[in-house]
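Below is one structure, written out as structure tokens; the observations come after it.
Bear in mind these aren't lab numbers, they're just calculated from the coordinates by the rules spelled out. Owing to the predicted nature of the structure, the values given are computational and were not obtained by experimental measurement. Note that each Cβ is placed from the backbone with ideal geometry, even for glycine, and that neighbours are counted across all protein chains shown.
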Amino acid sequence: VTDGASKSSASPETLSWVGGKAGHLRLIDQTLLPGQLAFVDCDRVETVWEAIQALRVRGAPAIGIAAAYGVYLGVRQANVTDETAFFDRLDEVISYLGSSRPTAVNLYWALQRVREAAAAQQGPSVSDLQDGLLEEARRMHAEDRQICRTIGHVGADLLPDGSGVLTHCNAGGLATSEYGTALAVIFAAQDQGKQLQVFVDETRPLLQGARLTAWELLQRRIPAILICDSMAAQVMREGRVQLVVTGADRIVANGDVANKIGTYGLAVLAAAHKIPFYVAAPRSTFDLSLSSGEDIPIEQRSPREVTHGFGRSTAPADVRVYNPAFDVTPARYIQAIVTECGLIQPVSAQRIREVIGQHHSGT
Ligand code: MRU
């Protein structure tokens, strides 16, 4: 871990590739924010795997980009000399990285994309094949910047001037290359001159809302009010929220959406208060190979995240814990999905196919 405080700039990069072919992946260590801005330098695939698993890098699109660079690192460190060994090692690294976190389909989308890019190279040397992996990762990284901007542009009109907006977890620049998905919509509306009041769910148990979203909003001088997750119903009842917007980790063919645990509850609350609930996500978050949200694998995480939040025990030592990291919001609760391909409204299988096409299958 490199102490990045001395290198900090107004908006540090969530991920960056440092140097050329012999270079390394640098990530903001998001577990240390907002108290410390520090970086993890990865020159081995094991470091990338650990960074994804431990949520040093997190958020569906950022996980995918980190994994793509991780593939290059994993193949590079093996020093393979012939094509068969290259593809054997490539498949080994892809399957290893695929075991880091199961829910965000962007991970599998990215791994599949680098695999296909390597397979499409006709008769090159092993060193060309290897270079091709880095180029593909860099391409995905650059494309994500553009995609996030477009999502912001597509979604900004959904936010009326003067509205109260509620968001959950972190779907901002830290969850992507930069700019984000749900937060991109908010940033773009702000750029149109709209005045917004953003309520930020703290997002138990790991506080991505409190630690990351509040930090990003304050950096952009957007009025942010932090609330505990359990306060959302009361805040809606008081009429302070006119819409909800969140990101997504996997959206399946019928429009069901997996996102950070607590999202489903918010969607139900929004319906009860007749408040529109929006999701913003890139095409790479869609998994049209699954027909319903029932089939989405839900990551289960350590009980300690619930019993020992940030270093202190807050529950009896022997209590049993259930800690699913994501939940599934049924499509019927979602007013629209904002993508770089356009707005999906209504959220139906047919409209998803029209906007997203038969884009890709998941795992
Ligand atoms: O466990 P995390 O922090 O990776 O969960 C992140 C989310 O749930 C985000 O909302 C989602 O990945 C979308 S990020 C643009």
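Structure notes:
- With neighbours defined as other Cβ atoms within 10 Å of a residue's Cβ, the residues Arg320, Arg304 order from fewest to most as Arg320, Arg304.
- Cβ-Cβ FRET estimate between Glu143 and Asp91, R0 fixed at 30 Å, reported to 0.05: 0.80
- Subtracting the Cα-Cα distance of Ser292 and Thr84 from 0.36 nm times their residue separation leaves 71.1 nm of extension gain.
- Considering segment 161-297, its Cα convex hull presents a mean projected area of 8.1 nm².
- What separates the Cα centres of segment 30-89 and segment 267-291 is a distance of 29 Å.
- Shown for Val321, Val154, Val105, Val306: other C-beta atoms within 10 Å of each C-beta, ranked fewest to most, produce the order Val321, Val306, Val154, Val105.
- Beta-bridge orientation, segment 207-363: approximately 55 percent antiparallel, per DSSP, counting only bridges with both partners inside.
- Shape category assigned to segment 139-182 from the gyration tensor of Cα positions, a/c cut at 1.5: oblate
- Per-q log10 I(q)/I(0), segment 33-89, q = 0.18 Å⁻¹ (Debye; single scatterer per alpha-carbon; no solvent): -0.65
- In plain terms, the C-alpha convex hull of segment 112-205 casts an average shadow of 8.0 nm² when viewed from every direction.
- Annotation: segment 228-316 has a Kirkwood hydrodynamic radius of 15.1 angstrom, from the mean reciprocal C-alpha pair distance.
- Sparse packing (at most 13 other Cβ atoms within 10 Å of the Cβ) combined with a DSSP loop state is found for the following GluC sites (Glu not before Pro) in segment 154-263: Glu238.
- The value obtained for the chain, namely the Cα convex hull volume divided by the number of residues, is 136 Å³ per residue.
- If you bin all the Cα-Cα distances of segment 280-363 at 5 Å, starting from zero, the percentages per bin are 3, 12, 18, 18, 12, 9, 9, 10, 6, 3, 0.
- Charge dipole of the chain about the Cα centre (unit charges at C-beta), most positive-ward option of Val321, Val80, Gly64: Val321
- Dipole axis of the chain (+1 Lys, Arg; -1 Asp, Glu on Cβ), positive-most option in Thr103, Thr213, Val165: Val165
- Nearest-0.05 FRET efficiency for Glu50 and Arg332, computed from C-beta distance (R0 30 Å): 0.20
- Legend: calculated FRET efficiency, Gln192 to Leu218, from the Cβ-Cβ distance at R0 = 30 Å, rounded to 0.05, equals 0.90.
- Euclidean distance between Cα centres, segment 303-345 to segment 169-199, Å: 20 Å
- By other beta-carbon atoms within 10 Å, ranking Glu136, Glu83 with the fewest at the front produces Glu83, Glu136.
- log₁₀ of I(q)/I(0) at q = 0.10, 0.12, 0.21, 0.22 Å⁻¹ - segment 1-100, Debye sum with one point per alpha carbon: -0.28, -0.39, -1.03, -1.11
- Stretchable slack from Ala271 to Asp128, in nm (0.36 nm times residue separation minus alpha-carbon distance): 46.1 nm
- Gain in span if fully extended, Gln234 to Ala349, counting 0.36 nm per residue against the direct Cα distance: 38.1 nm
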